[in-house]
Structures are given as structure tokens and as C-alpha cells.
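First up is the structure itself, then whatever we jot down about it.
The values are calculated or read from the model by the stated rules, or taken from the named source; none is laboratory data. Quick caveat, the model's predicted, so the values are computed rather than measured. Please note: Cβ atoms are built from the backbone with ideal geometry, for glycine as well, and neighbour counts cover all protein chains shown. Side chains are part of the model used for accessible areas, which takes the heavy atoms of the whole protein and leaves out ligands, DNA and RNA. Shrake-Rupley method; radii C 1.70, N 1.55, O 1.52, S 1.80 Å.
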Amino acid sequence: MHAPEEPGAPFRATALGGGHGLHATLRALRRLTDDVTAVVTVGDDGGSSGRIRRELDILPWGDLRMALDALAEREHPGPTDPSTWRKVFEHRLGGTGALAGHAVGNLVLAGLLEVLDDPVAALDEACRLLGLRGRVLPMSPVPVDIEADVTGLGLSASAGGNGESDGDVAHRIRGQVAVATTPGRVRQVRLVPRRPKACAEAVDAIRAADVVTLGPGSWFTSVMPHLLVPELFTALCETEARRVLVLNLAPQPGETAGFSPEQHLDALAEHAPRLRLDVVVADPEATPEPDRLRRGAEAFGAEILFTAVGEPGGAPRHDPVALAGALREAAGSAASRDRVPPDEWDARVDEWGSGARRRFGAGDVFFTPTGDARRYEEEDLRWP
């Protein structure tokens, strides 16, 4: 297993995610090591990214641009500080014309892609332009759509308008923005195409890392998609890196409204029953029932690291300095998965049964799969 030889030793880190959650993780990791690779979701279909994606049929650049920004950030500018280019990348054009609202960085990346004809090459060139010491990669070289089964959306059409609730009827919602904002409860999330090709460099980064992080972020649209790309998931299962999951500080309105921390873990278990983790990082202030969360972490073969990682004042945002300290500790902590031999782990998965459900306490089942979830389960259990 790859691991830092001593606390504070440099290590290779690969961070999986998207949006503001990944931005927070990258800001923390760059305080610990220069060797950071971001692997970013490519399902965004809103705002400037969505407009460029639809018009040019290319990757949505927004989350990738945010990852570049996180790694380019400097607290102490020097004579070669690329802060001007960083500001330009994040600047949004004004006015009322066709370009209004576009982030300049999205347009630059789109231009680099047309010239270089390779999204990885385009991102590597942007890293050089911004003076990055790390690397930013797409989860897949092609854009994906996020599709979800959502219950509790109101009245069922079959109810004939008689006021009967359709709380148990699953409606199919497509698109990252729609999934993230639709009221109701997400029961199952998928990618379209079902098995997108992984970015080869991203797979290599996961396998070569000393530490791989997943989360925080929008659970079903930024965190979960990485587990639904077969090559990425296989690499995550087989890597010798320390696998660290960072939990959110609060449920996200719409997408995970009302979710407890352990329900976030339960959703991961339903979508990736063979996933194993080493450390789960949770803020005690965001954990009303720590014992239940500890049992949830143990179901993944992981130890729980309770430590304050939120910004002072109670805002549900991760503080980069505090999160860096937590990730340093997680990187150097004893690998709990060594306590679970592979044959015992396989037996645990079989014991969880048809739904591969985690049960964190007597009678506790937090996440109920839809019919589609069960239909896809046999196929997905073949990963890796």
C-alpha cells in the first residue's frame, strides 16, 4: 500500500468530485503536497457550461475550470504569480448579447480543445498557463448525462386527480441541474451513456496515488458519478492508495434534503456495494448520532475520523486549513481495510444480500432501491 512514510511527508493525492466540494478539497490538498490530480465530473448541463456543451457538443468546462482555480490559488503572490490569468478565467462577461454570462475560462478551454483536439492536452495547457503544480483531468473524455429515479414529486397521473399521493412512484429525471434541484427523494442515479469510457490518465492517477479522496459535494451529481464509470470504479477498488471519504457538513436542499450523514453512506452502498474505504472524515458538529455513523463507516471497512473541518461561525463550508489537517491525519492513519481480509469482505457483501444494503443498527435501512436499481444490480456487482 502506498502511504506517506511519516506525518507531513509529501504524497501523491488524487481527488474525485466536482463543483464547490472538489474546490474545497483541492484547496486543502495543495497545502499538503504539490502532486495533486483532480478527477472531475463531466455531467454539468447548466449555465455557461451547459450552453457551450449544447452549442459545440463538447465537455462542460465549469467544474474543470473551478478545479483549475482551486489549484492556481495563491495566498502569497510572487514575481511569477499567475493571479491575473486566474481572475480572467473566473471572469464572467457582461452585457446582454450571446456571450453574456459566459465564464472566460470556459471559452478559453473550448478554444484550446478545438486547437489541440484532446481535452487532456487542453487542460494540461491551461495548467501551464495558470502556473499550476498539479493536474486537472475529466472523469471521462466525453460528456455524460445524469439520470435519476425520484419519488415524492406530488400527485400520480394514475391517481386521476383524486388527491392520492404518489410518494412511492418513481419519476425519471434527467440532467444534472434537474436532479440537483427537483424536490422529492432521489432513489437511484445513473449515467447516460450507462458505461462511459474513463479518462485513461484519470485511471492511472487513481492507481498511482498514495491518497484518493472522494467528496464532499453534491452527493448524487458530483460524488456518485465517479462510482458509475466502470474503469474508474475498478481502479478505486484495486488501488493501494488510502481511500478517504469526506462527508458534507449539511444536507443539500433538493438533492439530499433531510439526509443524515449515515444516509449519505447508505446511498453509496446501494450504488457501489463493493466499495471499500479506509477513513471517513466527519465534523462532530454535523453528526447528531456519531455511533450510527461509526457503524456506517465500519460497513465500508473504514475507521471514522471525527474532527472539526467547518469554517468558523457555523457556515456549512469546509475550511481549507482545517480540512488539510484532517486529510494529513487520514493519510497517515492506520489502514483499517487491512483488518478485513478479502475473503471476509466478499462474505460481507454476500451477506448484505439482494439490495447490498448497509444496516447500521437493528432494523435501520435508510435507502430503498427502486425497481431499476434492482434490475441493474446484478450487472453492476460484476465491477470490478
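Pairs linking a residue in the stretch 122-142 that is touching a residue at least 12 places away in the same chain (Cβ under 8 Å) to a residue that is of a type in the set (Ser, Thr, Tyr), with Cβ atoms under 6 Å and 6 or more positions apart or on different chains, are 135/37; 139/41. Considering the conditions (1) surrounded by fewer than 24 Cβ atoms within 10 Å (Cβ to Cβ); (2) touching a residue at least 40 places away in the same chain (Cβ under 8 Å), residue 54 is excluded by exactly one of them, (2). A count restricted to the stretch 192-217 and to residues that are open to solvent by less than 30 Å² (accessible area, probe 1.4 Å) and not in a helix (DSSP H, G or I) stands at 12.
With the structure loaded, tell me whether residue 180 is within 27 Å of residue 249 (Cβ to Cβ), modelled with pLDDT of 90 or more, in a helix (DSSP H, G or I) and open to solvent by 10 Å² or more (accessible area, probe 1.4 Å) or whether it fails that test. Break it down stepwise before answering.
On the way: within 27 Å of residue 249 (Cβ to Cβ): yes; modelled with pLDDT of 90 or more: no; in a helix (DSSP H, G or I): yes; open to solvent by 10 Å² or more (accessible area, probe 1.4 Å): yes.
No; evaluated as a whole, the condition is false for this residue.
Within the stretch 117-156, the set of residues being in a strand (DSSP E or B), more than 27 Å from residue 31 (Cα to Cα) and of a type outside the set (S, T, N, Q) comprises 145, 146, 147, 148, 149, 150, 155. Only residues that are closer than 23 Å to residue 242 by Cα and not in a helix (DSSP H, G or I): list them for the stretch 305-327, please. Listed by number, the residues that qualify are 305, 306, 307, 308, 309, 310, 318, 319.
Specify the residue that is modelled with the lowest pLDDT; the eligible residues are those in the stretch 147-172 that are of a type in the set (A, V, I, L, M) and open to solvent by less than 30 Å² (accessible area, probe 1.4 Å). Give the derivation first.
So in the stretch 147-172, the residues of a type in the set (A, V, I, L, M) come out as 148, 150, 153, 155, 157, 159, 169-170.
From the residues that got through so far, the ones that are open to solvent by less than 30 Å² (accessible area, probe 1.4 Å) too are 148, 150, 159.
Working: 148: 92, 150: 90, 159: 45.
My answer is 159.
Taking the criterion of being touching a strand residue (DSSP E or B) at 6+ places or on another chain (Cβ under 7 Å), free of Cβ contacts under 8 Å to residues at least 60 places away in the same chain and among the aliphatic types (A, V, I, L, M), would at least one residue in the stretch 209-217 satisfy it? Checked the stretch 209-217: no residue is touching a strand residue (DSSP E or B) at 6+ places or on another chain (Cβ under 7 Å), free of Cβ contacts under 8 Å to residues at least 60 places away in the same chain and among the aliphatic types (A, V, I, L, M). For residue 229, the criteria (1) open to solvent by 30 Å² or more (accessible area, probe 1.4 Å); (2) at pLDDT 95 or above hold in every case but one, which is (1). Selection of the stretch 262-304 for residues being without any contact (Cβ under 8 Å) to a residue 40 or more places away in the chain, open to solvent by 20 Å² or more (accessible area, probe 1.4 Å) and either of a type in the set (A, V, I, L, M) or not in a strand (DSSP E or B) (or both) yields 284, 285, 286, 288, 289, 290, 291, 294, 298, 304.
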